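Asker: One structure is given below, represented as structure tokens, and several questions about it will come after.
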Amino acid sequence: MNIIDELSWRGLINQQSDEEGLRKLVDEKDISLYCGMDPTGDSMHIGHLLPFMTLKRFGDMGHHPYIVIGGATGSIGDPSGKKAERPMQTMDQVNHNVEALSNQAKRIFTDFTMVNNYDWTEPIGILDFLRDYGKLFNVNTMLGKEIISSRLEAGISFTEFTYQILQSLDFLTLYRKHNVQLQVGGGDQWGNLTAGLDLIHKAEGQEAKVYALTIPLLLKADGTKFGKTAGGAVWLDAEKTSPYEFYQFWFNQDDKDVINLLKKFTFLTQDEIAALAEKVKTAPEKREAQRTLAEEVTKFVHGEEALKTAEKITEVLFSGEIQALTTDEVAQAFSGVPSEEIPADQINLVDLLIAANVDKSKRQAREDIQNGAIRINGEKLTETTTMIDPKDSFDGKYIVIRRGKKKYFLAKIK
């Protein structure tokens, strides 16, 4: 199958500069292609995954993917999709983020070539920049692009206005040095991508075979934007979003969305996804499609061991056998529940419920205990006189409290 057909089936194509030309090119030979990422933070989130997973699909068919880390472009700010100027980062912040993102990307996308656009941008002097590149950009054309025109009413600095030139310079440099012929980006990057095509054609000639492809904004079946939770972004950094939380995010997807997500975020075949689609129809209660989605994406991002841990935590929480968890697994499993710090001393169960903010009054705490609504580290306790020693479990770091069937609290030992 032609890679363009594969991407189309998966719903991964929004715009193409020349579908017929690109289709013919990838049939004729293996090409080099790239996607860029600016270091606006020190971790990718799941919104970054689609463009790079698209590059990997090309790579799996023999093509050569590049990741451009924007050490230069990230230092000035991309106006795309923003209603106001981005806060300017210090170069120390930029460099820290470059290192963190580079290490993260290398771990996940092992077969990619990674470059930093700071390496070819920094040596260019201001006069050379204006004469060699600025002269090739028409201001009227730049103003007509949505990424700029959408900012004109609120205002845009000259710094962010020039972002388009710097991103175009990336494409030109990669074309000259590595014969990169395709740039992939999100739907909001279309103006920047086509500016890169224009620069290459002006600098190298109209016969240069270069192409642009964007990926659509991913929406859920209800029309809302995909990828956010009540707690914010779903990060690829395990310290920001634990593998268990990551797994649960995918496992909890709606039946209406899961097949679309399997197409986009996994490397399962069309036949495998069709079989899962049938199971969504015939046995939705088993959530096999969601489980497969969670397994595939968690393993891809965090590895086999992290997946096993996430599955173990899921099973333990379902069974209620909390003592089967390690201390680190407790930290993962309950990172999002209400928590309070308490002293390391022995404490009466009623006082523990008050200290951990499980109950607001001792009367309510006693009622919950006597009604069998309280479990401490998985064990039901019904005596109000029970004493709890924090040292007895989870290396003396945590006490896991459950009230009722599903409400968890975490006491962190000082």
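The values are calculated or read from the model by the stated rules, or taken from the named source; none is laboratory data. As the structure is a computational prediction, the values presented were derived from the model and not from experiment. Note that we place each Cβ from the backbone using ideal geometry, even for glycine, and neighbour counts take in every protein chain shown. Ligands, DNA and RNA are excluded from the accessible area calculation, which covers all protein heavy atoms including side chains. Shrake-Rupley method; radii C 1.70, N 1.55, O 1.52, S 1.80 Å.
Asker: All but one of (1) more than 26 Å from the chain's Cα centre (by Cα); (2) within 30 Å of PRO390 (Cα to Cα) hold for VAL337; which doesn't?
Answerer: (1)
Asker: Separate question: Here is a check on your reading of the model: is THR292 open to solvent by less than 30 Å² (accessible area, probe 1.4 Å) and touching an Asp or Glu at 6+ places or on another chain (Cβ under 7 Å)?
Answerer: So THR292 fails the test.
Asker: Now, a different point. Given the residues ILE156, ILE147, which is the only one that is crowded, with 17+ Cβ neighbours inside 10 Å and outside any helix (DSSP H, G or I)?
Answerer: Going through ILE156, ILE147 in turn, just one is crowded, with 17+ Cβ neighbours inside 10 Å and outside any helix (DSSP H, G or I): ILE156.
Asker: Also: Which residues, counting only those in region 273-286, are assigned to a helix (DSSP H, G or I) and either open to solvent by less than 30 Å² (accessible area, probe 1.4 Å) or touching a residue at least 12 places away in the same chain (Cβ under 8 Å) (or both)?
Answerer: Passing the criteria: ILE273, LEU276, ALA277, VAL280, PRO284.
Asker: Being under 16 Å from LEU49 (Cα atoms) and hydroxyl-bearing (Ser, Thr, Tyr) is the filter here, so list the residues in region 247-304 that pass it.
Answerer: Selection gives TYR247, THR266, THR298.
Asker: Between HIS48, HIS63, which is buried (at least 17 other Cβ atoms within 10 Å of the Cβ), under 30 Å from ASN2 (Cα atoms) and at pLDDT below 95?
Answerer: On the way: HIS63 fails: at pLDDT below 95.
Just a single option satisfies the conditions, and that option is HIS48.
Asker: Here's another thing I want to ask about it. From the list GLY21, GLY36, which one is surrounded by fewer than 18 Cβ atoms within 10 Å (Cβ to Cβ) and small (Gly, Ala, Ser)? Quick ask: steps written out before the conclusion?
Answerer: Working: GLY36 fails: surrounded by fewer than 18 Cβ atoms within 10 Å (Cβ to Cβ).
From the options GLY21, GLY36, the qualifying one is GLY21.
Asker: Considering THR54, THR113, which residue is surrounded by 13 or more Cβ atoms within 10 Å (Cβ to Cβ), polar (S, T, N, Q), under 23 Å from LEU197 (Cβ atoms) and out of contact with any Lys or Arg (no Cβ under 9 Å at 6 or more places or on another chain)? Break it down into steps so the answer makes sense when it comes.
Answerer: On the way: THR54 fails: out of contact with any Lys or Arg (no Cβ under 9 Å at 6 or more places or on another chain).
Exactly one residue qualifies, and that residue is THR113.
Asker: Go through region 195-210 and count every residue that is within 12 Å of VAL180 (Cβ to Cβ) and either open to solvent by 20 Å² or more (accessible area, probe 1.4 Å) or more than 32 Å from the chain's Cα centre (by Cα) (or both).
Answerer: 2
One line per residue, one yes/no per condition, for (1) open to solvent by less than 70 Å² (accessible area, probe 1.4 Å); (2) in contact with a Lys or Arg (Cβ under 9 Å, 6 or more places away or on another chain); (3) of a type outside the set (Lys, Arg); (4) farther than 23 Å from ALA277 by Cβ:
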position: ASP222; (1), (2), (3), (4): no, yes, yes, no
position: ALA233; (1), (2), (3), (4): yes, yes, yes, yes
position: GLU239; (1), (2), (3), (4): no, no, yes, yes
position: TYR247; (1), (2), (3), (4): yes, no, yes, no
position: ASP255; (1), (2), (3), (4): yes, yes, yes, no
position: VAL258; (1), (2), (3), (4): yes, yes, yes, no
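Asker: Being among the charged types (D, E, K, R), at pLDDT below 95 and in contact with a strand residue (DSSP E or B) (Cβ under 9 Å, 6 or more places away or on another chain), is that true of even one residue in region 187-207?
Answerer: The answer is yes, given that some residue of region 187-207 is among the charged types (D, E, K, R), at pLDDT below 95 and in contact with a strand residue (DSSP E or B) (Cβ under 9 Å, 6 or more places away or on another chain).
Asker: Scan region 74-96 for residues that are β-branched (Val, Ile, Thr) and under 20 Å from the mean Cα position of the chain (by Cα) and report the count. First the steps, then the outcome.
Answerer: Within region 74-96, the subset β-branched (Val, Ile, Thr) is 76, 90, 94.
Still in the running and under 20 Å from the mean Cα position of the chain (by Cα): 94.
Result for region 74-96: 1.
Asker: Among the residues of region 77-103 satisfying the criterion of being in contact with an Asp or Glu (Cβ under 7 Å, 6 or more places away or on another chain) and open to solvent by 20 Å² or more (accessible area, probe 1.4 Å), which is nearest to THR162 (Cα to Cα)?
Answerer: GLU85
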